[in-house]
Each structure stands twice: as C-alpha cells, then as structure tokens.
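S.K.: Just dropping this structure here.
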Amino acid sequence: MDIRRATTVAELVAAEHLYDEPARAEWAERFLAAPGHLMLIAYVEGAPAGMVSGIEMLHPDKGTEMCLYELSVDEPYRRRGIGRALVEALREVARERGCYDLWVGVDTDNDAALATYRSAGAKDDGVFAMLTWEFSAQQ
C-alpha cells in the first residue's frame, strides 16, 4: 500500500468510487485550490483503495485544528488496516502543519468507523448533536 496526497483533478476523479457520489471536475478543481483542503489516497497495486479528506479550521483564539471530513475504504480492501493507516497519515500531516488537534464527527452507531478511529489512537470526547441546514443542490 502506498499513501499519497492527491494533487490533480485526475487523481480525485480516479478515486470517485470511494465517494458517496460521482466526482465533478469543477468541484475537484475548487477542492485542490482551497487552502487547507487535502485528500490522501491509499493505492494498492496502483489502484485507489481508500481515501481520507481533511480540512484545516482556523479560529482566532484556538489556532488551527484539522477536521477529518471523510474516510472511505473500498469494500474489497476493508479490514486490512488501510483505514487506520489513512487516519494515521492525516494525523501526521496535521502535526506537520502545526494543528493542535485532529477531530472527527461519527454517528454513535457506526461501529466500524468508531473502531477504526480508536485503533488509530482517537479518544472519545463525548456525545454531541450535529445540526444541519440543507440548501438546494449546488449547480
């Protein structure tokens, strides 16, 4: 397995089977251009097998933290340590960038995600509610 930071639209599009929906080139371009946005892709035999995306969040009184936005491992590659390796790689990038922590929001019934994050050293920070405002689909 080889983990690399995605730096081109082609890399992001080639990994679209790991996303919830198909990739859109214009959104991939914006993602790459946005400061603090990054995606690490795990390759097995040259093919994208998993990905983790992170977003740096900056606040005047806290400094910078990294949000683990999304983690995905393709079904045939699950339970091989790829998810944990991706989380650990993102943790290292966050440290290198001077972030004071790395955090992720997880549904409390998502046992697989909880096990992955805990195996990579995450500690439970308590239960919280996530509220959203939904807008019409982006054009």
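The values are calculated or read from the model by the stated rules, or taken from the named source; none is laboratory data. Bear in mind the structure is a predicted one, so any value in this text is a computation, not a measurement. Cβ coordinates were reconstructed from backbone atoms using ideal geometry, including for glycine residues, and neighbour counts include every protein chain displayed. Surface accessibility is based on the protein's heavy atoms, side chains included, excluding ligands, DNA and RNA. Shrake-Rupley method; radii C 1.70, N 1.55, O 1.52, S 1.80 Å.
S.K.: Please go through segment 9-68 and give me each residue that is more than 13 Å from the chain's Cα centre (by Cα), under 27 Å from residue 122 (Cα atoms), without any contact (Cβ under 8 Å) to a residue 40 or more places away in the chain and in a strand (DSSP E or B), ordered by number.
M.R.: 48, 57, 58, 59, 63, 64, 65
S.K.: Further, regarding this structure: Is it fair to say residue 13 is aliphatic (A, V, I, L, M) and out of contact with any Phe, Trp or Tyr (no Cβ under 9 Å at 6 or more places or on another chain)?
M.R.: Taking the combined requirement at face value, the residue satisfies it.
S.K.: Here is a follow-up. Which of the residues belonging to segment 15-30 are open to solvent by less than 60 Å² (accessible area, probe 1.4 Å) and closer than 17 Å to residue 86 by Cβ?
M.R.: 15, 18, 19
S.K.: Here is a further query. Does segment 81-89 include one or more residues that are in a loop (DSSP other than H, G, I, E, B) and either among the charged types (D, E, K, R) or surrounded by 14 or more Cβ atoms within 10 Å (Cβ to Cβ) (or both)?
M.R.: Yes, because at least one residue in segment 81-89 is in a loop (DSSP other than H, G, I, E, B) and either among the charged types (D, E, K, R) or surrounded by 14 or more Cβ atoms within 10 Å (Cβ to Cβ) (or both).
S.K.: So how many residues does segment 90-99 have that are outside any helix (DSSP H, G or I) and surrounded by 18 or more Cβ atoms within 10 Å (Cβ to Cβ)?
M.R.: 1
S.K.: Further question: Can you find even one residue in segment 47-64 that is among the small types (Gly, Ala, Ser) and more than 19 Å from residue 116 (Cβ to Cβ)?
M.R.: Within segment 47-64, the subset among the small types (Gly, Ala, Ser) is 47, 49-50, 53-54, 63.
Adding the requirement that they be more than 19 Å from residue 116 (Cβ to Cβ) leaves 47, 63.
So far as segment 47-64 goes, yes, one or more of its residues are among the small types (Gly, Ala, Ser) and more than 19 Å from residue 116 (Cβ to Cβ).
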